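Accompanying notes for the structure given below.
The values are calculated or read from the model by the stated rules, or taken from the named source; none is laboratory data. Worth saying up front: this structure is predicted, and the values here are computed from it rather than measured. Cβ placement follows ideal geometry from the backbone for every residue including glycine, while neighbour counts extend to all protein chains displayed.
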Amino acid sequence: MKVLNFGSLNLDYVYAMDEFVQPGETRACLGRQIHCGGKGLNQSIAMARAGLPVWHAGIIGQEGGLLRETLVESGVHLDFLRQDDAPGGHTVIQVDSHGQNSILLYPGTNAAITRGFVDEVLSAFGPGDVVLLQNEINLVPYIMEKAAERGLAIAFNASPFPGVETYPLSLVRWLFVNEIEGGAISGETEPQAILQALRAKFPKTEVILTLGSDGSLWANDRETAFCPACHVQAVDTTGAGDTFTGYFVAVMASGQPVERALDLASKAAALAVMKEGAARSIP
Ligand code: RIB
């Protein structure tokens, strides 16, 4: 069994703020750092640091050397990482004094995935393998359809959300949503109602609903499980969701019980919020 993560890679320009900038306002920041990020890169690093061999597919831009080095240092396989001359993905992230963030995303080369590249990458994977996706690259629905045709199990983190409601989500084996994403797909607002509505809508899909400081819920067609969150002092929540997803997939892909996956993913995410940055904060 091999795990492929087809996903984004961003340079995160992180600005420490006392409060987020409001519309029409100019506000000086307290400091700036440049970190490696992108939901794809973060989740590959989380899986690798959880001990799972992982192949990352994606496209970095002309300034993407640091992203490549970071993946190499974490032991991620890069046979399917490409580099373009165009500007790569980057973000402008404000982090406030409570550790909350606000992210502006420039997709860059993350949006330059071609069908030919997808077909080439997927030809190296087959039945029993797993592909993890987020919604920060183009062609996600195409990758889902082609991966399903080849017999791969699909894990999908529905973030960022725009467009997700049109995707072939019934092909997904593990669907990761937060309350807002799950609410938008299901039309419900309460966590249990969201979970049950998603389960009814996608009977073959295991749903993982993350609730921030209220913990996380999982359900398949027969059972549900709940895991409380670990309460820690947050310094920077950027990448915590990616840490959770990467750890959960790593544990499930190695055949361990869902309770173990939720527990380890919650603990890893709690450790991640205690450090600044996305990829660098992943335990
Ligand atoms: O989930 C956190 C990530 O979202 C950041 O690293 C940033 O690059 C954005 O993609």
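Put simply, of Asp242, Asp263 the only residue that is part of a helix (DSSP H, G or I) and either at pLDDT below 95 or away from the ligand (no atom under 16 Å from the Cβ) (or both) is Asp263.
Strands (runs of 3 or more DSSP E) fully within the stretch 67-118 that include at least 2 residues being within 29 Å of Ala148 (Cβ to Cβ): 77-83. The residue that is farthest from the ligand (Cβ to nearest atom), among those in the stretch 80-116 that are free of Cβ contacts under 8 Å to residues at least 60 places away in the same chain, over 16 Å from Gly64 (Cα atoms) and not aliphatic (A, V, I, L, M), is Gly116.
So is Val249 part of a loop (DSSP other than H, G, I, E, B) and within 16 Å of the ligand (Cβ to nearest atom) or not? Criteria not met by Val249. Being touching a Phe, Trp or Tyr at 6+ places or on another chain (Cβ under 9 Å) and surrounded by fewer than 12 Cβ atoms within 10 Å (Cβ to Cβ) is the filter here, so list the residues in the stretch 15-29 that pass it. If the condition is that a residue be touching a Phe, Trp or Tyr at 6+ places or on another chain (Cβ under 9 Å) and surrounded by fewer than 12 Cβ atoms within 10 Å (Cβ to Cβ), then no residue fits. Selection of the stretch 145-185 for residues being in a helix (DSSP H, G or I) and among the hydroxyl-bearing types (Ser, Thr, Tyr) yields Thr166, Ser170. The single condition from (1) farther than 30 Å from Tyr15 by Cβ; (2) touching a residue at least 12 places away in the same chain (Cβ under 8 Å); (3) part of a helix (DSSP H, G or I) that Arg280 fails is (1).
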